[in-house]
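Notes to accompany the following structure.
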Amino acid sequence: MISSFLATIYSVFLPISLPVIGGALLKRFKGIETKGLSALSLYVLSPALIFETLEKASITSNEVTVTVAFCLLNVIVLWALSAFAGKMLGLSQTEKSGLALTTIFTNSVNYGLPLVLLAFGQAGLDKASVYVIVQIIIMNTLGVYLAARSHFSAVKAIKTVFTLPSVYAAALAVLFRLTDLQLPEGLNTGVSMLSAAYAPLALVILGAQMVGVREGGASLAVSKRGFWSGMAMRMLVGPLVAWGLLAMLSIEGTLFAVILILSAMPAAVNAVILAEEYDAAPKLVSRCILWTTLASFIVLPAMIGFL
């Protein structure tokens with residue numbers, strides 16, 4: 001077990017740590033702003049990665065179906081559990097919203113995709129692509145609702161989804177698969193170049209955002225009940241619920257491992273953006289993001305080594 005843990009640290013987390021550290025140093029000493037880099041990642045590199053992966057993915061229709069089913073069931077169960085925990089702990093309405101954001105949404109894009117690629121190779125990335133697309137849609141619909149509650153606009157949430165190029169890239173990739181179309185060689189090479197740039201840039205952004213979250217007040221006073229419930233729900237309850245649902249859906253092999261790891265990711269950095277915009281306990285969410293990310297560098301290697 002220890003040898004597997006160390007081997008995972010060396011082969012998977014050491015490569016990941018270099019761009020993360022680079023991003024953290026750039027933020028700390030050069031004050032780099034991630035807004036432009038995030039836009040580049042979201043609107044250019046991520047769609048290229050999604051398109052190339054889905055268009056060439058070795059994934060069956062059954063795997064797509066069970067992945068979508070898992071995502072929907074997982075959201076429902078975690079939503080219910082976070083609401084129950086918030087009520088039992090007597091958290092305020094804003095902290096309940098923050099707890100839900102921390103519990104349900106994971107950093108499966110900036111952190112999860114590069115990790116899956118290194119840990120499971122292209123086969124793992126193929127299977128992860130469907131999960132990530134569904135998570136992007138859920139984040140920009142249910143995520144807005146959980147953060148806003150009383151002033152939620154369903155129309156606005158739906159419109160937000162249709163501004164995301166990754167959704168169109170996924171639809172285009174499905175069309176290409178169904179019709180056996182192929183990009184011209186020159187365009188295909190360009191898409192591959194953009195796709196290859198995604199992982200390192202995403203990890204640089206993650207490192208910079210971790211420092212930014214800390215500097216933005218993550219260390220300020222936060223309800224202990226809110227913080228520890230957020231940590232427990234994301235790092236303990238989340239993976240256990242995922243394991244149970246995967247078993248219930250009879251998901252096995254690489255797909256099981258990939259979905260379980262993506263479900264055990266730390267809290268999504270984008271969650272704090274929603275929390276700040278709609279005043280859903282942003283300090284609580286920020287602190288949980290920072291500490292779940294740090295904890296993941298111990299928890300995830302152990303999980304990967306075990307799997």
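Accessible area per residue (1.4 Å probe, heavy atoms of protein chains only) ranks ARG234, ARG177 as ARG177, ARG234, with the largest value leading. For PHE105, nonlocal amide neighbours, meaning residues 5 or more places apart or on other chains whose placed amide H falls under 5 Å from its own, are ALA268. Any idea how far apart LEU18 and MET248 come out in nm if each label point goes 7 Å out from Cα toward Cβ? The answer from the label model is 4.2 nm. Residue order by solvent-accessible surface for ILE298, ILE32 is ILE298, ILE32, largest first, with ligands and nucleic acids left out and a 1.4 Å probe. In order along the range 75-84, phi translates into HN-Hα couplings of 4, 4, 5, 5, 4, 5, 5, 5, 5, 5 Hz, rounded to whole numbers, per the Karplus curve 6.51 cos²θ - 1.76 cosθ + 1.60 with θ = phi - 60° and x for Gly and Pro. Our estimate of slack between PHE29 and SER92, defined as 0.36 nm per intervening residue step minus the Cα-Cα distance, is 19.0 nm.
Amide H contacts of ILE32 (H built 1.01 Å from N, in plane; Pro and chain starts excluded): LYS27 sit under 5 Å, all sequence-distant by 5 or more or on other chains. Using the Cβ-Cβ distance between SER61 and ALA232 with R0 = 45 Å, the FRET efficiency computed as 1/(1 + (r/R0)^6) comes to roughly 0.80. Between ALA302 and VAL174, the modelled labels are 3.9 nm apart [label points 7 Å from Cα along Cα→Cβ].
Site pair ALA80 and LEU181 shows an inter-label distance of 4.2 nm when each label is modelled 7 Å from Cα along Cα→Cβ. With Cα atoms as the point set, the range 2-129 shows a radius of gyration and Dmax of 18.3, 49 Å.
The values are calculated or read from the model by the stated rules, or taken from the named source; none is laboratory data. For clarity, every value in this text was computed on a predicted model and none was experimentally measured. Counting neighbours? That spans all protein chains shown, and the Cβs are built from the backbone with ideal geometry, glycine included. For the accessible areas, the whole protein counts, side chains as well, though only heavy atoms, and no ligand, DNA or RNA atoms are used. Shrake-Rupley method; radii C 1.70, N 1.55, O 1.52, S 1.80 Å.
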